[in-house]
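Here the structure is laid out as C-alpha cells; the discussion comes afterwards.
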Amino acid sequence: MASLAHAALDEGVAAARIKVRRHKQLVMVLRIAFAVVMLGSWEILSRTKTIDPFFFGRPSEIGHKIWVWATVGTPDGPLWEQVRITMEEALLGFGIGVGAGIVFGLALGRIRLLAEVLGPYIKAANSIPRVVLGSIFIIWLGLGLPSKVALAFVLVFFVVFFNAFQGVREVNEDVIANARILGANRRQVTTQVVLPSALTWIIASLHTSFGFALVGAVVGEFIGSIHGLGHLIAFAQGTFDTNGVFAAMFILAVIALGAEFLITALENRLITWRPSRRDEVAL
Amino acid sequence: METAISSERVTAPGSGATPAIELVGAAKRFRTPSGDVYTALHDFSLSVHRGEFVSIVGPTGCGKSTTLSLISGLAPASAGEVRVMGEPVTAIGKQLGYVFQGDVLFPWKSVMGTVSAGLRFRGVAKREAQERAREWIAKVGLSGFEDHYPHQLSGGMRKRTALAQSLITSPEILLMDEPFSALDVQTRTLMEDELLELWSSTSASVVFVTHDLEEAIALSDRVCVMTAGPGTVKGIYDIDLPRPRHVSEIRFDTRFVELYRDIWENLRDEVLLSYERAKSNG
C-alpha cells in the first residue's frame, strides 16, 4: 500500500515537473511571438505607408542604422566610444549617488536630531524637478563629463537616500534591543544590525536608481555636450532622423537591461539569507 | 547527577547576600500620542534572590513586560528604585540575558553567527567565539544546523537558537518575556524542560514573564501575581515543588494542583477585570 502511494506521489511530482517546463516553454514562445507581431506589423504598416516612415521609422531601418553605427561609426565617432562615455557618466553618478544616499540615509535614520533639522531641506530639494538642474550644472561644470555625472548623481541620490532612510526606520525595535543587550555599542548596532536590515530596502532602490543614472547622463548630454548617446539622439533629432533616435533608444534599453541583470545578480549575492521564492505547483 | 547540580545551585532566600534584582515602588508611565499619561506599572516591589527562578503572571496588558524593560535598563523607571546586584540600574546591564517574545533573530545571520554574536560584540576573537558558540549550539541540540538561516528553522529551533544566543554570555540575570508563547503545546513543554536543564547548570537568576499559570508554577521557585493594569503586585507564592522537575509530568502532582488552585483563585478576578475592560473598549 505504502509503496503504491509512493509511486503515485512520484508520478504526481514528475507530472508537476513536466507541467512547469511546459509552462516555461509556452511563456517563451509567446514572448517571441509578441515581439514578432509588434515589430512585424510596424514594418508592414511602414512599408505600406499606412504610417509615415518619415515620422515613425521602420524596424529594418533601425537595425540597419545600428549596424552602420557599429561598423562604420556614428556622426560623433565610433559607437563604442559613445556608449563608453555615456556609461562612464552614468556609472560615476550612480556610484557616488548610491554611496552618498546610503551614508546620509543611515545618518539621518540613526541620528534623530539630524533628521529633524535637515528633514525639511531634503524634502524641499527633492521637490525641485531635478532635470532643470542639468542647465545649471552645464553652466557650472561645462560641457564635459562632470556636469553629466552631477545630474546623474542628484537623480540617484534622492531615490537611494529615501529608501535607506526608510529602511533604517523600519528596523524592528526589538532586534536592536536584542543586539544592545548582547553587548553591541552604537556603532556596532549601525553597521551590524541596522545596515544589513536596511539592505533589502537599499538594494530595491538600486533597480530604479540605475535607470535614473542613465536618464541623468543622457539628458545631460542632450542639453549640452559634444558626444555620448544623448548627443547622438539630439543630433538625430536635429536632422529629422527618426530611425537614429529609435536606434539610440534601443541601445539604451539594452544597456539598462544589462545593468538590471547585474543588479539582480548583486542582490542575490548580498542577500543570500533571504528565503528563496518557491513557485508552488498544484498537483 | 541532576539532583546534585540542583542542590548545589540553590541559594537560600535571605542568605545575607544582596538580592540579584530589587524593585522598590517602581512605576512606569508613558505619554500616549494623544498627550495623555498612561501608567503601565504602579508601585511595583519585588526582589529576586541570586539563582532564583521567579515568574510574573498577570492578565494581558498589566505591565509584565514593562518590569523586564526596567530591570534590563532598556527603559528607565518613572519612579521608585530598580537595583541589580545592589547597584541602581542606569544603563543596559552587562551581565544580562534577555529572551524576547517575538522573533528577534537577525535574518541575515546563520545559527553560528547568531549564537556567537554576543561574544563578537563584546570583542571576543572570531575563532574563540565560534568555538564556544559550537558548544552552545550542541547544548541546545542544533548541531549540524550551524549554517542554517532563521527562515530555514522551525519555531522551536529558532527559540533554541535565541536561548543559546542569550546564555552564551553567561548572564547573571536572565529575563524572559513569554519566550514560548508562539510555540505549539508539545514543543513548548519540551522547551520548558530544556530551559530548566540549561538553567540548572548556570547560576543565573531568572525573571520569567508569562500569562500561563501552569508554565509559571512548573518552572519557578516563586510566582508573582500582578493586578490588571496599571500593574502592581497582588500576591507572591512560594512553589515548594522539588527539583529537578519534569514539566510534562509535574502538572499531575497533587501539590501542583493545589498551588494552581490557590493562585488561580487570586489571578482569576484580575483576568476577568482585564477581559471586561478589553470588551468595553471594543
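The values are calculated or read from the model by the stated rules, or taken from the named source; none is laboratory data. Predicted model, so just to flag it, every value in this text is computed and none were measured. Using ideal geometry, Cβ is built from the backbone for each residue, glycine included, and neighbour counts are taken over all protein chains shown.
For the residues B:Ala129, B:Ala133, the requirement of being in a helix (DSSP H, G or I), more than 12 Å from every other protein chain (Cβ to nearest Cβ), within 20 Å of A:Trp273 (Cβ to Cβ) and not aromatic (Phe, Trp, Tyr) singles out B:Ala133. Checking each residue in the range B:201-211 for being modelled with pLDDT of 90 or more and not hydrophobic (A, V, I, L, M, F, W, C) picks out B:Ser205, B:Thr210. Against the condition within 14 Å of chain B (Cβ to nearest Cβ), under 30 Å from B:Ile71 (Cβ atoms), surrounded by fewer than 23 Cβ atoms within 10 Å (Cβ to Cβ) and not aromatic (Phe, Trp, Tyr), how does A:Val175 come out, does it pass? Taking the combined requirement at face value, the residue satisfies it. All told, A:Ile96 falls short of being in contact with a strand residue (DSSP E or B) (Cβ under 7 Å, 6 or more places away or on another chain) and at pLDDT 90 or above. Of all residues in the range A:259-273, those that are more than 9 Å from chain B (Cβ to nearest Cβ) have Cβ atoms under 6 Å from Cβ atoms of residues that are of a type in the set (A, V, I, L, M) and surrounded by 15 or more Cβ atoms within 10 Å (Cβ to Cβ), 6 or more apart or on another chain, in A:Ile263/A:Leu206; A:Glu267/A:Ile203.
The single condition from (1) within 14 Å of another protein chain (Cβ to nearest Cβ); (2) in contact with a strand residue (DSSP E or B) (Cβ under 9 Å, 6 or more places away or on another chain); (3) free of Cβ contacts under 8 Å to residues at least 24 places away in the same chain that B:Thr32 fails is (1).
Within the range B:103-124, the set of residues being more than 7 Å from every other protein chain (Cβ to nearest Cβ), out of contact with any helix residue (DSSP H, G or I) (no Cβ under 7 Å at 6 or more places or on another chain) and part of a loop (DSSP other than H, G, I, E, B) comprises B:Ser110, B:Gly123, B:Val124. Of all residues in the range B:199-220, those satisfying the criterion of being small (Gly, Ala, Ser) and touching a residue at least 40 places away in the same chain (Cβ under 8 Å) are B:Ser200, B:Ser201, B:Ser203, B:Ala204, B:Ser205, B:Ala216, B:Ser220.
For the range B:114-125, the criterion of being within 30 Å of B:Leu70 (Cα to Cα) and either of a type in the set (S, T, N, Q) or in contact with a His (Cβ under 7 Å, 6 or more places away or on another chain) (or both) is met by at least one residue. For first residues located in the range B:144-156 and in a helix (DSSP H, G or I), partners that are at pLDDT below 90 and β-branched (Val, Ile, Thr) and lie 6+ apart or on another chain with Cβ distances below 6 Å form the pairs B:Gly156/B:Thr187.
Scanning the range B:52-102 for residues that are away from chain A (no Cβ under 14 Å), of a type in the set (D, E, K, R) and not in a helix (DSSP H, G or I), we see that the one that is nearest to the chain's Cα centre (by Cα) is B:Glu52. Restricting attention to the range B:157-177 and to residues that are facing another protein chain (nearest Cβ under 10 Å) and outside any loop (DSSP other than H, G, I, E, B), the residue that is nearest to B:Asp212 (Cα to Cα) turns out to be B:Asp177. Identify all residues within the range B:241-282 that are among the small types (Gly, Ala, Ser) and in a loop (DSSP other than H, G, I, E, B); write none if there are none. Of everything in the range B:241-282, just one residue is among the small types (Gly, Ala, Ser) and in a loop (DSSP other than H, G, I, E, B), namely B:Gly282. Taking helices (runs of 4 or more DSSP H) as the structural unit, those lying wholly within the range A:37-136 and holding at least 3 residues that are among the aliphatic types (A, V, I, L, M) and surrounded by 14 or more Cβ atoms within 10 Å (Cβ to Cβ) correspond to A:59-71, A:79-110, A:112-127. Taking A:Leu257, is it of a type outside the set (S, T, N, Q), at pLDDT 90 or above, closer than 29 Å to A:Pro75 by Cα and loosely packed, with under 12 Cβ neighbours inside 10 Å? Here the answer is yes, as A:Leu257 does meet what is asked. Within the range B:181-221, the set of residues being outside any helix (DSSP H, G or I) and more than 14 Å from the chain's Cα centre (by Cα) comprises B:Ala182, B:Leu183, B:Asp184, B:Ser201, B:Thr202, B:Ser203.
In the range B:92-112, the residues that are in contact (Cβ under 8 Å) with a residue 24 or more places away in the chain and surrounded by fewer than 21 Cβ atoms within 10 Å (Cβ to Cβ) reach residues that are of a type in the set (Asp, Glu) and assigned to a strand (DSSP E or B) with C-beta atoms within less than 6 angstrom, at least six apart or across chains, in these pairs: B:Gln101/B:Asp177. Contact map, the range B:172-198: first residue free of Cβ contacts under 8 Å to residues at least 40 places away in the same chain, second residue among the aromatic types (Phe, Trp, Tyr) and not in a helix (DSSP H, G or I), Cβ cut-off under 9 Å, separation 6 or more or different chains; pairs are B:Thr187/B:Phe180; B:Arg188/B:Phe180; B:Met191/B:Phe180; B:Leu195/B:Phe180; B:Leu195/B:Phe208. Across the range A:43-69, the number of residues qualifying as aliphatic (A, V, I, L, M) and in contact (Cβ under 8 Å) with a residue 24 or more places away in the chain comes to 2. Scanning the range A:236-256 turns up no residue that is in contact (Cβ under 8 Å) with a residue 40 or more places away in the chain and within 14 Å of chain B (Cβ to nearest Cβ).
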